[in-house]
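Scroll down for the structure; my scribbles are underneath it.
The values are calculated or read from the model by the stated rules, or taken from the named source; none is laboratory data. All values derive from a computational prediction rather than experimental measurement. Methodologically, a virtual Cβ is constructed for each residue, glycine included, from the backbone with ideal geometry; neighbour enumeration extends over all protein chains shown. We work out accessible area using only protein heavy atoms, side chains counted, and drop any ligands, DNA or RNA first. Shrake-Rupley method; radii C 1.70, N 1.55, O 1.52, S 1.80 Å.
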Amino acid sequence: MPELTPVDHSIPLHFDEARPARGEPTSHVVLLHGFPEFSYAWRRQLPALAAAGYRTLAPDLRGYGRSPRPPRVCDYRIDLLVADVVSLIDRECGGRAHLVGHDWGGVIAWWLAMHHPRAVDRLVILNAPHPAAYLRELRRPAQLLRSWYILFFQLPWLPEFMMRSNDFASLRRVFTDDARLSAEEAENYVTAFRDRRSLTAAVNYYRAAFRGVRATAARTRKIDAPTLLVWGERDRYLVPGLTRGLAPWVPDLRIERLPRATHWIHHDEPGRVNELLLSFLRS
């Protein structure tokens, strides 16, 4: 199968890392954050995975945290986002790793497993829609209404202005009210977005995706890697129907539903998420 984009189009990603305290790691795990987070999102997973013997990397995705921020919308096409992670796996993990993704990190993980299967050992997705299922559900009112913000993000400069206004009040509410984080934890995210370019980079993911939506269906491929989908059923942004009808695309799939968890499943129930991760990676 041809690869989506040659990895020499990639940019180097900054990453946080955790290693086993003793001995050599059994294998590598790469954790991909979503919007609007950065590598700090995985602070409750990094120690648990390292303690279990995995060398674990949590990169800041393109445009986020301490990774480079290309200026154009087209710099955030899915094939380029995937190429960054493939390059990281090649450079740091010997070309193959377990891959875990939440939200936009999950979208990247789906695409990477489709188009670079040699790089993925096992795949874990946390509340991120499979591309084929998302296109299907967008034709129905429930998901279309929940995706209103994607249309808003197509406007120039206004989304960034709104998120920065009143000292990032709307962004703080996402973390304290929706994700139920402490004020101190929310402040760490706000600090990461004080660079004006960082918010534009984050919103450019949605702008680039919207412009490339027609090509999405034609580029969808079957995923052969063993896959775990963990889904918080109180997700405000994604309908439960996104977890159904995936067998033609992901035949080796296990689904775990957490009834009390929201979209921010790795924050809501970190202990349970860690248990599911370790059980699946060891199996």
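Within the listed set Asn127, Asn204, Asn188, the Gaussian network model of the chain (springs between alpha-carbon atoms below 10 Å) gives the highest mean-square fluctuation for Asn188.
Spin-label model, Tyr149 to Arg260: label points 7 Å out along the Cα-to-beta-carbon direction sit 2.4 nm apart.
The slack in the chain from Arg72 to Arg140, taken as 0.36 nm per residue of separation less the alpha-carbon distance, amounts to 21.3 nm. Per-atom-type breakdown for the stretch 1-151 gives carbon and sulfur 57% of the accessible area (1.4 Å probe, protein chains only). When each of the peptides 228-238, 176-186 is scored by the mean number of other C-beta atoms lying within 10 Å of its residues, the order from highest to lowest reads 228-238, 176-186. The order of the peptides 141-147, 263-269 by mean Cβ neighbours within 10 Å, most packed first, is 263-269, 141-147. Taking every DSSP beta bridge with both residues inside the stretch 1-144, roughly what % is antiparallel (nearest 5)? Of those bridges, close to 25 percent are antiparallel. What FRET efficiency comes out for the pair Ser279/Ala169, r = Cβ-Cβ distance, R0 = 30 Å, nearest 0.05? Taking R0 as 30 Å, the efficiency between Ser279 and Ala169 is 0.15. When the chain is treated as a GNM with alpha-carbon contacts under 10 Å, the residue of Arg260, Arg77, Arg69 showing the greatest mean-square fluctuation is Arg260.
With R₀ set to 41 Å, the beta-carbon distance separating Glu24 from Glu185 gives a calculated FRET efficiency near 0.80. The residues of the chain have, on average, 43 Å² of accessible surface per residue, using a 1.4 Å probe with all protein chains present. Could you please state, rounded to a whole Å, how far the C-alpha centre of the stretch 48-122 is from the C-alpha centre of the stretch 167-193? Taking the Cα centre of each part, the stretch 48-122 and the stretch 167-193 sit 24 Å apart. Modelled spin-label separation between Arg219 and Ala247, with each label point placed 7 Å from Cα along the Cα-to-Cβ direction: 2.9 nm.
What's the magnitude of the charge dipole for the chain around its Cα centre, counting Lys and Arg as +1 and Asp and Glu as -1 at the beta-carbon? Answer in Debye, nearest 20.
Computed about the Cα centre, the dipole is about 660 debye.
Counting charges near Trp231 (Lys, Arg +1; Asp, Glu -1) among other residues having Cβ under 9 Å from its Cβ returns a value of -2. Spin-label pair Arg272-Glu17: with each label point 7 Å from Cα along the Cα-Cβ axis, the two points sit 3.4 nm from one another.
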